[in-house]
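Structure, as structure tokens:
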Amino acid sequence: MAEKEDKKQPNVIKDAAKGFLEGLRFGSIADPDLTEEKVKETKQFSIKEVFNHLSGKVKLSKEEVEHLKRMAKHNRNL
């Protein structure tokens, strides 16, 4: 019975290590979103376009939202 309880509990060390590695990759040179090709193909948005999207005036497509996220990551690392 004790073995079943151990399997139900999350592995805290494994989850912490996984989160730590993911944190290291996010926004670093190991981040696949920040390769030179992806950065070059990323659409640049003006502040007005971002504000209009956030305020709900203009709806961006899913692809444009992904470009916006990638642009934010890239600008954060400059």
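Read the figures in this text as sums done on the coordinates, not as results from a lab. Since the structure is predicted, the reported quantities are computational estimates derived from the model, not experimental observations. All Cβ positions, even for glycine, are placed from backbone atoms using ideal geometry, and neighbour counts span all protein chains on display.
Some notes on this structure:
- Summing charges over neighbours of N52, with a neighbour being any other residue whose Cβ is under 14 Å away from its Cβ, gives +1 when K and R count +1 and D and E count -1.
- Under a 5 Å amide H cut-off, with hydrogens placed 1.01 Å from N, V58 pairs with H53 among residues at least 5 apart or on other chains.
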